[in-house]
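Since every read-out is calculated from the coordinates, none of them should be taken as a lab result. All values derive from a computational prediction rather than experimental measurement. Positions of Cβ are generated from backbone atoms using ideal geometry, with glycine treated the same way; all protein chains shown enter the neighbour counts.
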Amino acid sequence: MKRAFLILCLNCLFIIPAFLSAQAENEAGSTYMGLSPEVLDSLMSNKAGEPSLQQILDSLGYDIDVVNDRLPTEVWVAIVGQYSEVMMAEVAGYAGQTASGWYGHGVPADTHVIFRGVNDPGDTAYFTITGCDSNGLFIAPFAGSKSPTYVYYTEQRFNPDHYDHAWVYCSKKRPNEFIIAWEDFDGGGDEDHNDLVLLYRMPNRPPVLSVPNDTSFFRCQPETICFNNISTYDPDYCGDTATITKIQGPGTYSAGRCCFLPASVDSTYRFIFVATDWFGATDTDTVLITVHITKPVLNCSGDELTCDSLLASADVTSNPSVGVSYLWTPAPVTGQGTANARYNTPGDKKVVVTITATGCKDSCEAVITQNITKPTLSCAGDELTCDSTLASATVTSNPSVGVSYLWTPAPVSGQGTANARYDTPGTKKVVVTITATGCKDSCEAVITQNVTKPALTCAGDELTCDSTLASATVTSNPSVGVSYLWTPAPVSGQ
């Protein structure tokens, strides 16, 4: 049953687009999109003096193909905020007795009326949806006047005739806005879906922005750094989109990728991105990028090869000291790959230290010196005599400080010094060692002995009456370098 129709835009002309007429003609005698030619005709053409659904939407300025743009949507996520619904057109015989509204998803008895029979095209209702996670829409064509009351739902499974009474379209004019085209006849009737046409508008949900976690980069020198995975999605229906803008941070952003050139020193950079949807709602997030421009800081040192130290160390200290590798040139005797290499030859020893995580490297050189200089020695020995029963064996050394002395055979005294005392003649060997290097040398001191007695001949004079002093004489060999002691003491000549 039909009545005179009411449309939101009453003075619009209902012109059937040529391509729609041609489509209906091409489909004559066959089904299209599961619809018979008769149904297609009722959707597209003016029948019995009432406009078709296509004509209604065309007249209201909607670019919708009622056959091909249908959505499979039956329920919507319930959103906190204000909903609105506009009655766009009502071409129904029981318009004055028709109610419509929303219900909780899966609970068809949980109905909430928005429009009643007293409402007309052009009316707008504002409401909220609470108490459920998602919802559907319903129409009750004969509410309050005809028994039984029929209720049809966007969830087709709840319709007693199992017919899809609600055809759903995106309005294509703004996100989260749907057109619901109802058919109020039981079993679908003429299936023209122009009996009640509603504009269902949901609250906006802001976009969701995703940025990567805070990240550190290690570089040997400043070079362009890029990070990806900056994205957004909009949870709304019907083509709501979000754009991403970088509002803080160096460099450039494009298509989910941000690139910048860091400074030449370690620095942390703050990037702030904002995602903005069609309605101007935003989501903002921040990512911190830390850039380490780091070569290892090195300090090399080398030991000394000496007479008693035939291996010397070449050492390097590195900052950092963990997560680095070492390469010594020339190859050491031991310690390759460590901070301490051992060499048996003097010279420059180069080490390359590499931070394994980044490949950043630097080098330094350790100098191995050599000191194998022996002390310069001079030995001398004294003489043992009849009145000198201890003689000295002496050594002079260059250097004379920082040396040790070892005499062989062991002296009576002076062992460990440069002057040893012996009571026997012969060759006395001393080994002099430079204690710092172990370098040593030796020399020999000769102790001589002289215990030969002088050969003497004594003679005496005669005392007479006229010679009251007589001479006592001695001849000595040797006669030089000797002393004489007469006993008893002479009158003279002692």
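Amide hydrogen proximity for Ser171: with H placed 1.01 Å from N in the peptide plane, the residues at 5 or more positions away or on another chain lying under 5 Å are Glu177, Phe178, Ile179.
Exposed loop sites were defined as GluC sites (Glu not before Pro) in DSSP loop states (anything but H, G, I, E or B) carrying at most 12 other C-beta atoms within 10 Å; in the chain the longest segment without such a site runs 224-461.
The calculated FRET efficiency for Val107 paired with Cys226, based on their beta-carbon distance and R0 = 45 Å, is about 0.35. Sequence-ordered 3J(HN,Hα) estimates for the stretch 361-377 from the Karplus curve with 6.51, -1.76 and 1.60 and θ = phi - 60° stand at 9, 8, 9, 8, 10, 9, 9, 8, 9, 9, 9, 10, 6, 7, x, 8, 10 Hz, glycine and proline given as x.
Other residues lying with their Cβ under 14 Å from the Cβ of Asn371 contribute a combined charge of -1, Lys and Arg counting +1, Asp and Glu -1.
Each residue of the stretch 390-399 was assigned a 3J(HN,Hα) from its phi angle through the Karplus expression (A = 6.51, B = -1.76, C = 1.60, θ = phi - 60°), giving 10, 10, 9, 10, 10, 9, 10, 10, 10, x Hz with x at Gly and Pro. Loop-located trypsin sites (Lys or Arg not before Pro) in the stretch 61-168 (DSSP state not H, G, I, E or B) with no more than 14 neighbouring Cβ atoms inside 10 Å: Lys146. Each Lys and Arg Cβ is given +1 and each Asp and Glu Cβ -1; about its Cα centre, the chain then shows a dipole of about 2340 debye.
Using only Cα atoms, locate the centre of the stretch 324-365 and the centre of the stretch 377-441, then give the distance between them in Å, rounded to an integer. When both Cα centres are located, 47 Å separates them. Divide the volume of the convex hull around the Cα atoms of the chain by the residue count and you get 291 Å³ per residue.
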